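Every read-out reported here was derived from the displayed coordinates using simple, explicitly stated rules and does not represent laboratory data. What you are looking at is a predicted structure, and each value in this text was computed from that prediction instead of being measured. A quick note on method: Cβ atoms are made from the backbone with ideal geometry, for glycine too, and the neighbour counts reach across all protein chains shown.
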Amino acid sequence: MDFRDTAAEAAFRKDVRDWLEANKPSGAVAGLGVTEGRVGMLRTWQRKLHEGGWAGLGWPKEYGGRGASLIEQVIFSQEYARAKAPSILNVIGIGMAGPTIIAHGTDEQKHRYLDKILSGEEIWCQGFSEPGAGSDLGALRTSAVVEGDSFIVNGQKVWTTLAHIADWCILLARTDPTAPKHKGISYLLVDMHSPGVEVRPLRQMTGEAEFNEMFFTDVRVPRDNILGDVNDGWRIAMTTLLHERGTLGFALATQAEIVLGEAIALAKKTLKAGRPAIEDPLVRQRLAQLHVEIQAMRLNNYRALTTVMRTGIPGPEGSLGKLLWSESNKRLGELMLEIQGPAGLLEGSGYAGDNGEWVYRHFRSRANSIEAGTSEILRNIIAERVLGLPKHK
Amino acid sequence: MDFGFTEEQELLRKSAREVLAERSTPAVARAVMESETGFDESLWKTIAELGWCGVAIPEAEGGLGLGWVEQAVLVEETGRAVLPAPYLSTVGLALPVVLLAEPGEMRSRLLQGIASGEMRVALALTEEDGEWFAPLKAAATKSVNGYTIEGRKVFVADAHVAHELLVVARLDDDFAVFAVPAADTAITPLPTLDRTRRLSEVRLDGVTVGSERLIASGKSLGWRPADRTALVIAAEQTGVAQRVLEMSVQYAKEREQFGKPIGSFQAISHKLADMLLLTESARSHVYYAAWAIDEGTPDASLAAASARVAGIEAGRFATAEAIQVHGGIGFTYEHDLHLFYRRAKWDELYYGDATVWRERVAELIAAT
């Protein structure tokens, strides 16, 4: 047991920190969505990350990645969060599409797609969820029918982050409607510029359009653009979902730590009933409780990491991280606004805390327990796969 | 970065679990509960012979010379087995104070006595107001041969089976800790909900002790003993929570209603998932805090206070929901769950409750 960095880890941490300090765009705000005004900046930023050798950190070197160890990826995500560097534009490409292509793609596919994912030249989105297939992803209905040397795709996808600027999409479509629901799905790589693809921005309750609806009408996809075999898409999709979280948990815990620090600073300068909010016993109890939860995230992540490094098999702690983070982050957002009182109602202005960023964060946090596995689905997963309880149904 | 146990630590856990599975069964706990003194001499002898009291005591003082990580491993296991012995009161409440006392003959005597198991020591801190970290009424005055102590201590854990009491009393403008032979005081056990860990009232009516029995001053101790005590109780809570979680998962797999195991209902399975989340979180906190204390890191106090809060949450939630998952049978005296519930409640309310420790966390995070 030793929570300190080894000499090599400390050196790597310093490299990351120095590079980020020297190169991150000035005045960039972490965590805000991909709004039109930010796309140019984010493209430039990703190119810079790639040139610096920081894109595709965990990818094998032969595919243009850095081949970094798990612990190095963790250190990078912690430092990235600490530096409040802007989000990585091609996050779906680097985090999900790329690793899946590396695992299941042909040499030709790897050659065609991987470089452009890392450089950000081609942006990817993920066409999994549908209006009728959210938590129950296997119920998806978008169809792909073979016609000559193409698949003809018809259907609708929803909650698609980045679709409005994406060049490519990893798309799950049903290729055998008669097979049991998980057996008739294929994993396609779809050119978003194909005729018949329509993207409509979906405004969230934050007011932003961070994600989209996608409509596919007789979209022709070359047969070569399938990953793996026909009807084997579900298995391949599991690879993608396995990569969805990656070392994200470490970044989220670090971000939450930073935000809690901001909440404490805010409570010191905000008056409540004539005295600084930080002196209010209930505010203190809630700040303390959040500290305990955020540290639990960090420490559970570390335990999971050690289990993986020692055994190669993730332990039960990992699946708990997302659940804890979503629920705590919502409470953190609520407390941030509550400390501010009426100033917590302003989406901007000098009267608002941090020019309204906290209002944004609070609103955005409502999605935390829905995206990437709802809290209810995560509890099912923990109950069934970790505790070995019988399946519900 | 490494958050795993060494082979020796794993071995310690394994052997403790084996011994406890045989010697610390619920039947043994029930027998101790019903007994007059709430104490089982032969069980204590086993613990002593295994060296469990001296895990965190230096080898030079007769201990095993290990650290708080190993101590936490053992206490997690004794919690899992609701060990009915004055173990936590000795190693969790008294030992931290003795370890941090002024080096000297008295400290050595106490350490060696604890390490061998021949001496059980109880911490006499709280008074009738039940406040943990507050001004005291008990007072010591310098006398010809040492000190005379006057006062009444209440809620003293396992005092009735202790050989020595660590009495905390005012002295001049500070407070001091005196090792007082239990026989020199008047001890009255009080009816306690966990009858394997009874609380007593202790009267000191002008008890005089030699000056060598003043083992520490408040200023020199500060919060350091409290860090260790908080850690040890949190480790016990983690063990208790883990055990009732396992019992509940087992029950939810076997018990059928409406033709299905109740564990297939989300109203049940989601409770169990939350129990796991709190238990694993408490465990992570406990071992980080133990490591931080062993290494003397700057955040050791914060880590210990956080562990205490996480431990309380896990113990309270897990034992309460375990009863709910078990339904009517879980509410019977015959079922063992209430043994764990009692222990968790004891751990929750003894040595500062969640509000007290969250305030401690707040104080530390707001200061930075």
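What to note about this one:
- As a calculated quantity, the FRET efficiency between A:S26 and A:E262 at R0 = 22 Å, using C-beta atoms, amounts to about 0.65.
- Chain A, relative contact order [Cα under 8 Å, separation at least 6], %: 12
- Rounded to the nearest 20, the size of the Cβ-charge dipole of the range B:7-119 about its Cα centre is 200 debye, with Lys and Arg at +1 and Asp and Glu at -1.
- Computed FRET value (nearest 0.05) for A:K116 with A:S194, which takes r as the C-beta separation and R₀ as 25 Å: 0.90
- You can think of it this way: the chain between B:D299 and B:K137 has 55.1 nm of extra reach, that is 0.36 nm per residue less the Cα-Cα gap.
- Taking 0.36 nm per residue of separation and subtracting the Cα-Cα distance, full extension of the segment from A:I313 to A:E376 would add 20.3 nm.
- For A:N355 and A:D2, a Förster radius of 30 Å and the Cβ-Cβ distance give a FRET efficiency of 0.15, rounded to the nearest 0.05.
- Karplus (6.51, -1.76, 1.60) ³J(HN,Hα), θ = phi - 60°, over the range A:248-265, in Hz, Gly and Pro reported as x: 3, x, 5, 5, 5, 5, 5, 4, 5, 4, 5, 5, 4, x, 5, 4, 5, 4
- Three semi-axes of the equivalent ellipsoid, the range A:247-386, Cα gyration tensor, whole Å, largest first: 32, 16, 12
- Kyte-Doolittle mean at least -0.5 and Cα axial length at least 27 Å: DSSP H helices in chain B: B:224-254, B:266-295, B:300-326
- In angstrom, the C-alpha Rg and Dmax of the range B:246-368 are 17.2, 56.
- Each label was represented as a point 7 Å from its Cα along the Cα-to-Cβ direction; for B:D174 and A:A103 these points are 6.1 nm apart.
- Spatially proximal lysines relative to A:K110 (Cα-Cα < 24 Å; intrachain offsets below 8 disregarded): A:K48, A:K61
- Positive-pole candidate from B:L190, A:V16, A:I294, dipole of the protein assembly as shown, charges at beta carbon: A:I294
- Placing a pseudo-label 7 Å from each Cα along the Cα-to-Cβ vector at A:K84 and A:R47 gives an inter-label distance of 2.6 nm.
- As a size descriptor, the averaged projected area of the C-alpha convex hull of the range B:114-156 was calculated at 4.5 nm².
- Here the range A:7-89 is described by how far its Cα atoms reach on the three principal axes: 39, 26, 18 Å, from widest to narrowest.
- Each Lys and Arg contributes +1 and each Asp and Glu -1, all at the Cβ; summed about the Cα centre of the protein assembly as shown, the dipole is approximately 1140 debye.
- Cα-based values for the protein assembly as shown, radius of gyration first and Dmax second, are 29.7, 108 Å.
- Largest first and in whole Å, the equivalent-ellipsoid semi-axes of chain A read 36, 24, 23, each the square root of five times a Cα gyration tensor eigenvalue.
- For chain B, the spherically averaged projection of the C-alpha convex hull amounts to 18.9 nm².
- Restraint check, A:K269/A:K330; A:K157/B:K271; A:K322/B:K345; B:K14/B:K345, Cα-Cα greater than 31 Å: A:K157/B:K271
- Using all pairs of distinct alpha-carbon atoms, the Kirkwood hydrodynamic radius of the range B:27-182 works out to 16.4 angstrom.
- Spin-label zone in the range A:112-139 - amide nitrogen under 17 Å from a point set 7 Å from the Cα of A:A179 along the C-beta vector: A:137-139
- Principal-axis tilt of helix A:107-119 within chain A, Cα atoms, nearest 10 degrees: 30
- Orientation-averaged projected area, Cα convex hull of the range B:7-119 (nm²): 6.8
- Counting charges near B:I329 (Lys, Arg +1; Asp, Glu -1) among other residues having Cβ under 11 Å from its Cβ returns a value of -1.
- Degrees between helix A:36-51 axis and first principal axis of chain A (Cα, 0 to 90, nearest 10): 80
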